[in-house]
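First the structure, in the form of structure tokens, and then the observations on it.
Any read-out appearing in this document is the output of simple, stated calculations on the displayed coordinates, not a laboratory observation. Keep in mind the model is a prediction, meaning the values are calculated, not measured. Note that we place each Cβ from the backbone using ideal geometry, even for glycine, and neighbour counts take in every protein chain shown.
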Amino acid sequence: MTIVEETATTGTARHGALGTSPTRPDGVAKVQGSFEFSSDISADGCLWGATLRSPHPYARIVSIDPSAAWQIDGVQAVITAEDVPGQMTYGLISQDQPVFAGDVVRYVGEPVAAVAADDPETCRRAIEALAVEYEVLDPLTDAEAAIAGDHPPIHPDGNVIRHQRIVCGDPDATGEVVVEGTYEIGMQDQAFLGLEAALAIPDPGGKGVELHIATQWLHEDRAQIAACLGLPEDAVRLVLGGVGGAFGAREDISLQVHTCLLALRLARPVRMAYSRAESFLGHVHRHPATIWMRHHATGTGEIVKIESRMVFDGGAYASTSSAVLVNAITLAQGPYRCPNAVVDGWAVRTNHLPCGAMRGFGAVQACFAYETQMDRLAAACDVDPVDLRILNAMRTGDTLITGQPVLNVAPVAECIRETAALPLPDEPVGGAPMPDGGPDVMKLPGGAGRTADASNIVRGIGWGASIKNLMYSEAFDDYSTARCRIEDGVVTLKFATAEVGQGFVTLAPQIARTVLGIDDVRLDRIDTLIGSSGSTSASRQTWMSGGAVNAACLAVRAKIFEHVASSNGLDAETLLIDGTDIVEPATGWRQDAVEACAGQTFDETAEYHHPPTTELDEHGQGSPHTAFAFVAHRAVVDVDPDLGLVKVVQIATAQDVGRALNPLSVIGQIEGGIAQGLGLAVMEEIIQIDGVIRNGNFTDYLLPTFLDMPPVVATLIEEPDPLAPLGAKGVGEPPTISSTPAIVAAIRDALRQVDGVGKPLHRVPVRPGDICL
Amino acid sequence: MSEAEIYRLHVNGERRDVTDSWVGESLLDVLRDRLGLVGAKGACEQGECGSCSVIVDDELVCSCLVMAASAVGQRIVTVEGIAAPGTPSDVQQAFVDAGAVQCGFCTPGLIMAVHDLLDRTPAPTDTEIREELAGNVCRCTGYGRIIDAVQRVAVARTERAS
């Protein structure tokens, strides 16, 4: 493992400033169990809430009879669609999802009613006692049928959520070499560990409500909740409850409106908390997708044109499907130059579980297709897969197939070369021999099952590289707000940026220490008592909220410099921060920054906006994205070809990070993101049969453990991006994107060594039967 | 509710009366909802993720799978009993220092599992660490920094012992 030295970025940075890796301010509370997650928050006189969900993928609600539930001691409220006082639906882009199903249920798990009772067990019994009569309808479970119009609309908005074409350059261009394939990506769950939970506390008189909630975007939640409650936004106050991971699954509304409705109805605090089984039904997932792709290239492997048709199954409600689709189609070329393209993208509605944001957001599905294609192209041209990628590698100034120029630092070739330069694992199959001379069975595919014979194991190597857009797209102004206050030499920062584990609470004080030269930086509560910070998603908070904190601190620093200049007969324009001092370099004048602020209060709020982007026109042309980041991955796997078992041995990666503001946090994002990419490659998939989920629990939905996740060797490509406020790019999503195709390519490589042919493996996750049958 | 039970648990060196519990209630729910010890976390309710790990009579268990009433007379240690507030144990401090904590939801369970591992195996190999901790799922970190934290503690304890 390559750990970047603490001062690698900034040379002599003092500990706690940018470029160093101070520990998390919430770290001690988290290791001691005293950090308050949203599921740990209670209030005096608190009731519990629970949700009744549809057992059918598609059905008409004939009647709901709550009388038996009311017979149970301790039941305090039963609410249905009739009890929603405001807007009946919510949604991130279009408001097409009902708070409670009214006449029709459209997926297994759709909320139909909610109850409040004295305790969770009484809630459970009340839910069981609610009698709902359904008229079961024929579900739409085939995305192609949604496109073809073969099924009556399952929603007033129709069965197609978005259809978008991209036509770039000469659509009739052809290449000497043509490769094509059809690729499938399964439905992945974010599987954060901290289940959905919230506490709603009503204001006296029911005029407002305070919601403690684990979310990714407090202000967007507030807007949607207030609309459904029929309250003005300022009557709904959100406070970030401790967030146990997010990965996209907390961008949509889950239990927020239900909890507030129950609390307002009963004029008492109400808690809701999902079980794991309910969580699988209660949040959106990564879109399953089918992608056909054809590459045209010159005989030496230079890409001439791509053609693709992408179909994303959005499930029952739109969520962010249209934005996920746009990411996939606009990044279909990957991190490679491509002058001509014809891409046809569909996001459709079915009676499957709703899909939306998950780490990588559309780029993941596209990458599995284009990276598999790059390997096919390399084989067809008889070129090394690394050389082929470098030959086509995008550079600053190249354009997307939408016509948008890539203006950011774009070290694609460097990422690939640096990854290739990282050492391969030094241990053979099965690890270093054990004292008995045999292999370490825990390092063989199958592990503790002791099923594999070491002599039968084949090692393969595979490659992946990817591009990810940072921030929101298509003309959306996802600005961020921050406030910086200095009083008595202590800095206090306030923002609404959701801390979900990524470490913005560590980074924000680093920014303030660097800009202001003051070490004592504290954080105010994260809530809606300040402007929006946008969502903790799209790898955007270091850039956006980092930009806002930086701007607020710079505004305060300007005030400090004016004060210091007038007190000491200096020119404010000549002052600088050097460590913890304010200095005038020309004269050598210097004063400790804390002393300089003594007795003074400075308080500034700033918004950071990225430059505007555009929507796509009917030909898919435009500049929809804000910025881009790149990464390369190399996977080494050991495969048992007879049993279909895989052991990932090592992942190497070089990632374009711009500038590592907190190197240890960057490594944490890289390793954690790769683990989720590994999960999609060989383990994780939500299985639905006829619209019914079959594995909504951690026994059957397999997550990578300590034994599944290999060592990661990483290099950070640090070329500060002049377009980024701190030179730093977002680092959260890229690790997840191309680690998946790299692992699958490594399995293919191993299987090719067995019989000279191998297996196509055009579907993720790769299952044992895909390998051995 | 089912019949209210009154029994006494021995948690973190203290005797704690459990009232108003129902007889089949899990140790996890009793710790969290009856005794106010919310350090142990529930994340799967079926013993797959380890977030609820506590130590009962020197044995690491998933408290979601243990009936609270069956733990009467046994010594229960939760994450709150590892060290006094504000003075983390060596394992806890190593997690903070090594970057082994992100969202932190799995962390209390891992703290219990790592203390248990290092008490039994002071100098574990990489494979031993991975195998022993494989019952604790972390979704944020990819495990690399957690392994680093465990190794840091093992080295520090060995150096201290010599």
Under 27 Å from B:Lys41, Cα to Cα: lysines that are on another chain or at least 8 residues apart: A:Lys30
Dipole magnitude of the range A:566-618, debye to nearest 20 (Cβ charges: Lys/Arg +1, Asp/Glu -1, about Cα centre): 440
Three-way shape label, the range A:318-432, alpha-carbon gyration tensor, a/c 1.5: oblate
Under-5 Å amide H pairs with A:Cys355, H placed in peptide plane, nonlocal only: A:His285, A:Gly315, A:Ala316, A:Tyr317
Centre separation in Å (Cα based) which lies between the range A:337-366 and the range A:122-143: 30
Residue-averaged beta-carbon neighbours from other chains (10 angstrom radius) around B:144-154: 3
J(HN,Hα) series, the range A:669-686, from Karplus relation 6.51 cos²θ - 1.76 cosθ + 1.60, nearest Hz, glycine and proline x: 5, 5, 5, x, x, 5, 4, 6, x, 5, x, 5, 5, 9, 9, 8, 7, 7
Distance (nanometres) between label positions extended 7 Å along Cα→Cβ at A:Ala572 and A:Asp477: 2.7
Chain A - percent relative contact order, Cα under 8 Å, separation 6 or more: 16
Taking the C-alpha atoms of the range B:90-161, convex hull volume expressed per residue in Å³: 74
Net dipole in debye of the range B:5-81 [+1 Lys, Arg Cβ; -1 Asp, Glu Cβ; about Cα centre; nearest 20]: 180
Additional length obtainable on full extension of the chain from A:Ala223 to A:Arg165, 0.36 nm per residue less Cα span: 17.7 nm
Net charge dipole size for the protein assembly as shown [Lys, Arg +1 and Asp, Glu -1 on Cβ; Debye, nearest 20]: 420
For residues of A:706-718, the mean tally of beta carbons on other chains within 10 Å: 4
For the range B:37-52, Karplus couplings with θ = phi - 60° (6.51, -1.76, 1.60), whole Hz, Gly/Pro x: 9, 8, x, 6, 10, x, 9, 9, 6, 8, x, 9, 10, x, 5, 9
Of A:Lys305/A:Lys759; A:Lys647/A:Lys729; A:Lys443/A:Lys759; A:Lys494/A:Lys559; A:Lys207/A:Lys494, those spanning more than 28 Å from alpha-carbon to alpha-carbon: A:Lys647/A:Lys729
Ranked by how many other beta carbons lie within 10 Å on average, peptides A:560-572, A:224-236 from highest: A:224-236, A:560-572
Under-5 Å amide H pairs with A:Leu523, H placed in peptide plane, nonlocal only: A:Leu493
Radius of gyration and maximum dimension Dmax of the protein assembly as shown, Cα, Å: 27.6, 84
In sequence order, calculated HN-Hα J values of the range A:642-656 (Karplus, 6.51, -1.76, 1.60; Hz; x Gly/Pro): 7, 9, x, 9, 10, 10, 6, 9, 7, 10, 10, 8, 10, 10, 6
Sequence-distant residues sharing a close amide H with B:Ser26 (under 5 Å, placed H): B:Ala68
Within 10 Å of each Cβ in A:37-47, the average number of Cβ atoms from other chains: 2
Order by protection proxy (mean Cβ within 10 Å, highest first), peptides A:436-442, A:720-726, A:585-591: A:720-726, A:436-442, A:585-591
Euclidean distance between Cα centres, the range B:42-110 to the range A:554-588, Å: 50
